[in-house]
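Below is one structure, written out as structure tokens, with a few remarks after it.
The values are calculated or read from the model by the stated rules, or taken from the named source; none is laboratory data. Computed from a predicted model, the values in this text were never measured in an experiment. Cβ sites come from the backbone with ideal geometry, for glycine too, and all protein chains shown count toward neighbours.
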Amino acid sequence: MTDKTPDARTAWAARQFENIDNEIARLATICKVDLLDRANVDRVIRNDASVCGSSNPVAFAKMRDLLMMHYATRTKTAAVLGEAETQAIINTVVERIRERFSALGGGRR
């Protein structure tokens, strides 16, 4: 990621978060987990499947793995782009996902 121009790095990071976070949102919907609640995110990371409103061990395991990937990607991206720019990218991606899920009748659970 370091050999790209600043704009290309930002676009690349946004695509990475978009891909990861879209799948996390899809799996959270399947598992019926409100990941907008930070306590639920912590429970998923601690591998506590009791946070789910619907039992689906395969989807839960994938969601947990992708959350871990999200944080690893965040750490690496922040090292290149800085904390503020990384957080701004994530905020934009999360807002787009919220809007998309709200339009589909989803949202907080």
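For the range 40-72, enumerate the residues that are more than 21 Å from residue 19 (Cβ to Cβ) and either of a type in the set (Lys, Arg) or under 12 Å from the mean Cα position of the chain (by Cα) (or both).
Selection gives 43, 46.
Filter the range 1-36 down to residues that are charged (D, E, K, R) and under 25 Å from residue 82 (Cα atoms) and give me whichever is modelled with the lowest pLDDT. Explain how you work it out, then say what you get.
At the first step, the residues of the range 1-36 found to be charged (D, E, K, R) are 3-4, 7, 9, 15, 18, 21, 23, 26, 32, 34.
Keeping just the survivors that are under 25 Å from residue 82 (Cα atoms) gives 3-4, 7, 9, 15, 18, 21, 23.
Working: 3: 58, 4: 62, 7: 89, 9: 90, 15: 94, 18: 94, 21: 93, 23: 95.
Ranking the candidates gives 3 first.
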